[in-house]
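Below: the structure, in structure tokens.
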Amino acid sequence: MARYGLAIDLSRCTGCYACMIACKSENSTLPGVLWIRIEEKEEGEFPKVSKTWIPMLCMQCAEMPCAQVCPTGAITRGEGGIVLIDSQSCICEGVKPCVSACPFGVLLVNQGNRSYFRDYLTPHEKQDYEAHAEGAVEKCDLCHHRVIAGMQPSCVQACPSKAMLFGDLDEPASDLVELVSSKEAKALRDDLKLDPSVFYVNKSPAEAENETPLAGGQST
Amino acid sequence: MSINNTQQIHSYCIHCAALCGVIAYVKDGYLVKVEGDPNSDNNAGTLCPKGLSAKQEIYHPDRLKYPMKRTRPKGDVDPGWQRISWDEALDTIAAKMNEIKALYGPESFFFQKGSTGGSSGSEWYRFFGRLSSVYGSPNHGGTGHICCYSRSCPGLPLHLGNKGLHPSIDYEKTNFILLVGYNILHTEPPLARKILDAQQRGARLVVIDPILAPTAAKADIWLAPRPGTDLALFLAMHHVIIHERLFDPDFLKYWTNAPFLVRDDNGLFVSSDGSPYLVWNAKARAPQPANPWFPSHVDPALNGSYSVNGISCRPAWQLFTDMVEACSPEWAEKMTWVPAEDIRRVARLYATTRPASTDWYNGLHRSSNGYYTALALALLSVVTGNWDVPGGLTFESDLTFKDVKGAKYLAEDWINKSLVAAAGFKARAYNKEYVGPMNLVADAILTGKPYPIKGMLSLASGMGTSNPNSKKMMDALKQLDFLAMGDIWQTPAMAMADIILPCATHWESEFVNYNPPYLMHRRPIVEPQYEAWPDLKIIFELAKRLGYAKEFWDGDIKRAFNDMLEPFKVTVDELDASPPGIAYSPPPARYKRYAATDEKSGRPKGVATPTGKLEIYSEKLKTLGYDPLPSWREPEPGPFSTPELFREFPLILSSGFKPMHWLHGQLRAVPWLRECDREPFVWINRRTARKVGIRDGDRVMVETPKRDGTIQGNVVLKAVLTETVHPQVIYIPYGWWQGCDSLGLEGYGSLDGSTNVNNLYDDSFADPVSGTIGMVSYPCRVRKE
């Protein structure tokens, strides 16, 4: 049985938002609902300053802290370990316990503002919005419909930097397993022992100070 | 989403010049989605936010829908737009064009083309140029003065002979990538993975940018000079390279004019007995003719001082060496704020890593010293022997469609009638680069000098916000007898138009292009929405009304495409017969084109410069009245060149990099993209903000002076506090004017109180050689609103 996972190479992510728009285009999520978002981190003081972008999406945790608090059993693990929310069963009124149970803040409530355009549904909105129930909690499902058809999640395919690698974590000889086994790879909040399927890799370029002495200077 | 019953259409996105292959999924005539084409060599299935937003752009309800004419006088708050037919619009435009030509001459009508993308201006501009040529106007505008003069013209052709070709990094072969003022990871999306791949295989990425733009954030080494001082940095790199003998003397001797003797008295080359150039043969201790080639037993001197027929002279390289002698890294540290040791280190790394490539874009260029800055950078490649070698500074393929711009229709002396020549840009006139910067056009409209401009047809150009000095531009447009503008959106400049035309997005239009591996006839993936027309159709229909059917293939666009395709010996019908197009392999990359043998003479072809060699020293520039060498000059305005302006306006305004999701001033109305980047901002260094009591998120006013110290204009923006800019520098992104109704975000206008950074520039600080405008080092002050 496969366990689908993702490795995100932060040394390649340039914060371009292609993943976010690919997700919008593929899944037609409603205004304000982002199944993947980018967090930006700035560290240091000019000119010794760095910037990192961190794509945040459902980590597909095996422990599913969200499902543990769901009173209606709407959250389950589907094929390949993908965590799915059944919008028909997601019927909590008011407070949604799963949203606050997620330590990554990647579960969002579909508030139901139906169109991106005032008084006007575009053709694709008319077609696709049926899949999004008002008031239901939504999140990334790793493009479940694509991966079961043998395709990659839309964000992975679109990424101009090729910063994301999708695959089967149970496939020992795969590029994905090799990458997530490297010392630079880690899961977010691994202290919580949630057994997520999304890993972050940061192979920063060599620090300036650590470089070997330069070849120049042999003036003749 | 169901993808059953959908048709897959192979196409390409031409929002930017990078050109990504796409597959469009269309169901019942509606676009379901656009994805990157995995078979495209450029993008390998990836796609950037602009391309991915196609369906929100195409079906956007706020697009221009119909041709309209104004019914109230210019200057009225409400133009009283009235819907008209395409026939009425085009008949009116044609009649006005004929009238202005008869009254004032064809040069009084200006043809303005704006952005490359959106409606695919980088494709149809050829036919727009043809329209101006057949009409007889040498005044055809573009965006080079704020975009890419320094890459393609006039410096590189004049000194290095590569007219028309842009540099292109040889990603797979290079071991060093030096990028200057070029946020390439975002502005050329399909190159992002190639650069990152090169870096991961060990190539060093060095980025020079005053701001920690995304590309700088990925660099192995980031140098952040004072804006507009990159020239000092490059001269100091030359200084180190010469002092430490890291240059390539053999390359300099045989492929450049470095050994050519220059007269001490007048700065011209020494000539003798029918030989226009001489070198000093160190072996024979005697002068030797160079025409430009000399026999291989000659060892031309690069240094020294000589006397030839009583004329004292020195090799050009000696002059170059003397020029950079004063430009030590310690000197450059004072000019650029970059520590001398960092400059030394980058110079040594660059010169000792082979092969090393470099590339640059408009951050380097929008400066009053941009011409010489680009030249000094390009010469780093030349002196180290990295010019046009595998992995070095290489150029895009010279694969070309047949030229249809139609310059042959212009009168022989057209260049002298162009605004560029009349305004005194002699190097550009010499190169016959007639594309006129919009600021020259605005001056001509307002002053009537060198001659009046009375009418304008503008396609895909946000003139009210995209050019420096927006107020002047709006005043000028108001003065025109006739202005017709076509675009996808209603832009601020349209307030001054007589007729506005709704244009199709590139998704709704057609062209022929090479999207490797396919030669492709790009057809509309959906029909144009509302009554929008592709720009190309507007051009052809207008040409017919002006009586130019013969010059425009009897109005048949397909025949025009077939003509363009002629070098490939293929027709549109043949391309259409196999849906993605026809796989085509261009000739393999050619390197060292300067060394190719000329079949007639048996000698090297050299390069297309006045001397036939790569020019370290430009005698032509000298005779045109310019500095023959890229000597140091401060950017204008700047804290040292215009200190009086910096007393009241102590900060330096820089408006450099563009993120991937925007196409210059376009697309702010597309809500998905706006969710990435909701509102414009100004980056202010935390320490500077603390001193003046500005907190993160405060609304602040940024104000700037004119050349004479009076107020030029202001903008109001949200302050974002950061350490990614120097304490004396602020960064404002450009292109912000449009609202996004669906997210409840109103438009910002274009003048005072707006968010349009171009309202802050006096455009009179121009590069005297190229005409690019000094924008990168502009004085400003910031206060809390």
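No value in this document is a laboratory result; all are computed from the given coordinates. Keep in mind it's a predicted model, so treat the numbers as computed, not measured. Backbone-built Cβ (ideal geometry, glycine too); neighbour counts: all protein chains shown.
Brief remarks follow.
- Cα shape, the stretch B:58-138, gyration tensor, a/c 1.5 rule: oblate
- Taking the DSSP beta bridges with both ends in the protein assembly as shown, the antiparallel portion is around 65 percent.
- Sorting B:271-283, A:154-166 by their mean Cβ neighbour count within 10 Å, with the most densely packed peptide first, gives A:154-166, B:271-283.
- Percent of beta bridges antiparallel (DSSP, the stretch B:643-764, rounded to nearest 5): 55 percent
- Mean ellipticity per residue at 222 nm, deg cm²/dmol - from DSSP H runs of n ≥ 4 across chain A, formula -39500 (n - 2.57): -4000 deg cm²/dmol
- Per residue of B:667-680, other chain Cβ atoms within 10 Å of the residue Cβ number 3 on average.
- Whichever lysines have a C-alpha closer than 19 Å to that of B:LYS405, once near sequence neighbours (fewer than 8 apart) are set aside: B:LYS113, B:LYS163, B:LYS417, B:LYS432, B:LYS537, B:LYS544, B:LYS550, B:LYS558
- Choice from A:ASP195, A:ASP175, A:ASP119 with maximal GNM fluctuation in chain A (Cα, 10 Å cutoff): A:ASP119
- Number of partner chain Cβ atoms within 10 Å, mean per residue of A:22-30: 5
- Taking GluC sites (Glu not before Pro) across the stretch B:106-182, the ones in a DSSP loop with at most 12 further Cβ atoms lying within 10 angstrom of their Cβ are B:GLU172.
- Cα-based equivalent ellipsoid, the stretch B:709-785: semi-axes from gyration tensor eigenvalues, Å: 24, 17, 13
- Protection proxy ranking, peptides A:101-107, B:129-135, A:129-135, average beta carbon neighbours within 10 Å, highest first: B:129-135, A:101-107, A:129-135
- Scattering profile of the protein assembly as shown at q = 0.04, 0.06 Å⁻¹ [log10 I(q)/I(0), Debye over alpha-carbon scatterers]: -0.20, -0.46
- Restriction of the GluC sites (Glu not before Pro) in the stretch B:582-662 to DSSP coil positions whose beta-carbon has at most 11 other beta-carbons within 10 angstrom yields B:GLU599.
- With contacts taken as Cα pairs under 8 Å and at least 6 residues apart, chain A reaches a relative contact order of 32 percent.
- For the stretch B:1-133: rounded, prolate or oblate by the Cα gyration tensor [a/c cutoff 1.5]: prolate
- The alpha-carbon atoms of the stretch B:643-764, seen along their principal axes, cover 44, 31, 22 angstrom, with the largest extent given first.
- Restraint check, B:LYS101/B:LYS408; B:LYS426/B:LYS605; B:LYS449/B:LYS620; B:LYS50/B:LYS718, Cα-Cα greater than 21 Å: B:LYS426/B:LYS605; B:LYS449/B:LYS620; B:LYS50/B:LYS718
- DSSP beta bridges confined to chain B are antiparallel in about 60 percent of cases.
- Restricting the calculation to Cα atoms, every distinct pair contributes to the Kirkwood radius of the stretch B:357-512, found to be 18.8 Å.
- Gap separating the Cα centres of the stretch B:186-254 and the stretch B:304-323, nearest whole Å: 31 Å
- Signed unit charges on C-beta, dipole axis of chain A, positive-most listed residue A:THR122, A:GLN68, A:ALA173: A:THR122
- Hydrodynamic radius of chain B by the Kirkwood approach over all distinct alpha-carbon pairs: 27.4 Å.
- The stretch B:420-477 and the stretch A:40-74: distance between their alpha carbon centers, rounded to Å: 50 Å
- Prolate is the label for the stretch B:37-90. Its Cα gyration tensor axes, ordered a ≥ b ≥ c, give a/c of at least 1.5 and a/b above b/c.
- Sorted into 10 angstrom bins from 0, the C-alpha pair distances of the stretch B:458-612 split as 9, 23, 24, 23, 17, 4, 0 percent.
- Projected-area average for the stretch A:4-204 over all orientations - Cα convex hull basis, square nanometres: 13.1 nm²
- Chymotrypsin sites (Phe, Trp or Tyr not before Pro) restricted to DSSP loop in the stretch B:47-128 with at most 13 other C-beta within 10 Å: none
- Per-residue [θ]222 nm for chain B (sum of -39500 (n - 2.57) over DSSP H runs n ≥ 4, rounded to 500): -8000 deg cm²/dmol
- Set of aspartates and glutamates near B:LYS784 by C-alpha distance (under 20 Å), chain-local residues within fewer than 8 positions excluded: B:GLU648, B:GLU679, B:ASP696, B:ASP698, B:GLU703, B:GLU723, B:ASP752
- Between 0 and 90°, nearest 10: helix A:18-27 axis offset from chain A longest Cα axis: 20 degrees
- Protection proxy ranking of B:576-587, B:440-451, by the mean of other Cβ atoms within 10 Å over each peptide's residues and highest first, is B:440-451, B:576-587.
- Histogram of C-alpha separations across the stretch B:94-246, 5 Å bin width, %: 2, 7, 11, 14, 16, 15, 10, 7, 6, 5, 3, 2, 1, 0
- Calculated log₁₀ intensity ratio I(q)/I(0) where the Debye formula runs over C-alpha points of the stretch B:281-406, q = 0.12, 0.13, 0.19 Å⁻¹: -0.73, -0.83, -1.23
- Whole-angstrom gap from the stretch B:325-372 to the stretch B:557-629, using each part's C-alpha centre: 30 Å
- Long-range lysine pairs (8 or more apart or interchain), the stretch A:16-160, Cα under 27 Å: 10
- Within straight-line cross-link reach of B:LYS592, aspartates and glutamates at Cα separation under 13 Å, skipping those fewer than 8 residues along the same chain: B:ASP388
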